[in-house]
Amino acid sequence: MKLVPVLIAGGGPVGMTLACELSRRGIECMLVERNATTTRYPKMDITNARSMELFRRLALVNALRSVAVPEDNNFDVSWVTSLTGHELHRFRYPSVNEWRRLICKNNDGSMPGEAPMRVSQVEIEPVLQGAVKALPGVEARWDVAFEELTQDAEGVTATLCAADGAAEQIRCHYLVGCDGGSSRVRHCLGIRLHGQARVMDRFLVHFRSTSHDVLQHFGVAWHYQSHKGTLIAQNDRDIWTFQARFPQDIAPKAIDASAMLRDFAGRDFDYKILLTSAWTPHLLVAERYDLGRVFLAGDAAHQYIPTGGYGMNTGIADACDLGWKLAAVLHGFAGPRLLSSYDAERRPVGLRNREASKRHSETRRDIASVYHDGLTALGLDGEMARAVAGRRIASFGNAENESYGIEYGYAYEESPVICAERGADIPSDPLRYIPTTFPGVRMPSVVLKGDTPIYDWLGLWFTLVCVGTPPSAALVEAAARRSVPLEVLRLDEPDLIAVYGRRLMLVRPDQHIAWRGAACDDRLEAEAIIARALGFVN
């Protein structure tokens, strides 16, 4: 029986990100995916700034951006009566290049380290697949399905099934289910999902067209929306997806997809339908993210309405949190509580994002109620009606694309491996990201001299960041006694103390702060800090 340190069930973006994370940290793994190829089905269409920061750690940003929309194209969301009718209100958002200028201009910790990216999952997965197949220590196998598991105190035995029906058993130290909403791994563990299933019925029309006079009648935008649905510009060139509520009392096979497109556009135009699908989003989170030596990540652990783009993006952070912890355990310098901290850290984020997704969907519903027949009227009455509707839409806002507190302001407040500060008032505004260095938060990003993001200077494992002060010898020595790799980053730029507020920060491999302080000279205190960060403290 073949033995691998980690078996990853599921070769979507989350599973492949986990494989990249493990390989980067010197851990061999096997990844199996039941489908023969990467997805050709339109799913996610936004990779948020936090995911891009994490992809930068894995040296994947340039390859991913090469298949995204042009970097001068905006992220605008426009509400219209129809594609060729009237634009009621446009929420305007910067392009990637404009984001970069904002990041350099506002170098106060309030900006992300990377701009977000507009790209379809159809394009992302082949890039990740190419990267995974080239990684040392990763055996990636498509057209191989995970079927069953048993586990004991020493490891997990998994049964795999190839496309030709041949069964194979694999022994692993740890197994991670990244196998989607219908997760076989989750089913084998008997872990239930909590929340609301089948929130609404949806219908998708994916099509090819170069009729820009219709599809970009009001200019380039990421989403064009009305009470009838949402048009997603997948590449701003020729691939589009229309998402609508499922027509009532009509069987899926009886839906006239062409009529839906013409109705949304307000006129006929040339197109070729690539696929249609009836589907149902959910608002569900697993009751737990682990059981013994088996873990859940991505859609296997949480499922959301697409509003806000939290599905894949939450999963990418799952993979990066779990990846370094598995690697630390397998390298032998982690304590018994490090792996259990995965559930303690990521499940609260999963719950928070579920509620945000629900709020965003409700806002779309509220905006849809603004629509009435008078919006298409001619003359002054129509103009006045559209102006009123536009102001109402603006008043509802577009939090689903502005919730930076959700995207990169989350904190691991209840984590057993964070040196939490008693009475800490960590900002929790879902819309605003307020930079802080309370233990548990993502380290605020700044650009150092030479236009280099500070994250590029962090070590592979833990980093002791020293702002205008010498390193703590006690912490360095404590890390050495635990055999944990620790790099020291000395920052002498005077403006940075105003950003970080503390002179010393212990930063984890996932860029979250484990501890901060003005100094640490006591050996016992240093031992306690390192021990907690590695999961040795009960």
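The values are calculated or read from the model by the stated rules, or taken from the named source; none is laboratory data. A quick note: this is a predicted structure, and the numbers were derived from the prediction, not measured. With ideal geometry, Cβ positions are generated from the backbone for all residues, glycine too; neighbour counts draw on all protein chains shown.
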Identify the single condition in (1) in a helix (DSSP H, G or I); (2) among the hydrophobic types (A, V, I, L, M, F, W, C); (3) out of contact with any strand residue (DSSP E or B) (no Cβ under 8 Å at 6 or more places or on another chain) that LEU326 does not satisfy, given that it satisfies every other one.
-> (3)
Out of the residues in region 427-474 that are small (Gly, Ala, Ser) and surrounded by fewer than 20 Cβ atoms within 10 Å (Cβ to Cβ), state the one that is modelled with the lowest pLDDT.
-> GLY450
Name every residue in region 401-431 that is more than 15 Å from HIS360 (Cβ to Cβ) and aliphatic (A, V, I, L, M), in order of residue number.
-> ALA411, VAL417, ILE418, ALA420, ALA424, ILE426
Test for ASP366: is it in contact (Cβ under 8 Å) with a residue 24 or more places away in the chain and at negative phi | yes
Where in region 1-93 are there helices (runs of 4 or more DSSP H), lying fully within it, with 3 or more residues that are farther than 12 Å from MET117 by Cα and not assigned by TED's automatic domain parsing to the domain that holds ASP456?
-> 13-24, 49-57
Could you grab me the full set of residues in region 261-310 that are basic (Lys, Arg), in contact with a helix residue (DSSP H, G or I) (Cβ under 9 Å, 6 or more places away or on another chain) and not assigned by TED's automatic domain parsing to the domain that holds HIS173?
-> ARG267
Give LEU274, LEU261, LEU204 a once-over and let me know the one that is buried (at least 22 other Cβ atoms within 10 Å of the Cβ) and more than 20 Å from the chain's Cα centre (by Cα).
-> LEU261
Among ASP451, ASP456, ASP429, ASP492, which is of a type outside the set (Ser, Thr, Tyr) and either more than 26 Å from the chain's Cα centre (by Cα) or farther than 24 Å from ASN106 by Cβ (or both)?
-> ASP492
Members of region 219-238 found to be farther than 16 Å from VAL370 by Cα and in contact with a His (Cβ under 8 Å, 6 or more places away or on another chain), listed by number | LEU231, ILE232, ALA233
Residues of region 410-422 classified as part of a loop (DSSP other than H, G, I, E, B), within 27 Å of THR307 (Cβ to Cβ) and modelled with pLDDT of 95 or more, total | 2
Considering region 371-381 alone, what residues qualify as being in contact (Cβ under 8 Å) with a residue 60 or more places away in the chain and either surrounded by 18 or more Cβ atoms within 10 Å (Cβ to Cβ) or not aromatic (Phe, Trp, Tyr) (or both)?
-> LEU375, THR376
Contacts under 6 angstrom Cβ, first residue in region 421-443 being among the aromatic types (Phe, Trp, Tyr), partner part of a loop (DSSP other than H, G, I, E, B), 6 or more apart = TYR433/GLY409; PHE438/ALA424; PHE438/ILE426
Right, LEU504: assigned by TED's automatic domain parsing to the domain that holds LEU448, over 20 Å from PHE333 (Cβ atoms) and at pLDDT 95 or above or not?
-> yes
Quick one: how many residues across region 334-358 are crowded, with 17+ Cβ neighbours inside 10 Å and either farther than 20 Å from TYR412 by Cβ or out of contact with any strand residue (DSSP E or B) (no Cβ under 8 Å at 6 or more places or on another chain) (or both)?
-> 14
The one condition in (1) within 23 Å of THR84 (Cα to Cα); (2) buried (at least 16 other Cβ atoms within 10 Å of the Cβ); (3) not polar (S, T, N, Q) that LEU330 fails to fulfil | (1)
Only unsatisfied item for VAL441, checking (1) touching a Ser or Thr at 6+ places or on another chain (Cβ under 9 Å); (2) in the same structural domain as ASP492 (by TED's automatic domain parsing), is (1)
Under 8 Å between Cβ atoms, at least 6 apart or on separate chains: pull out the pairs that start in region 385-399 with a residue that is on the phi > 0 side of the Ramachandran plot and end on any residue that is of a type in the set (S, T, N, Q).
-> GLY397/THR363
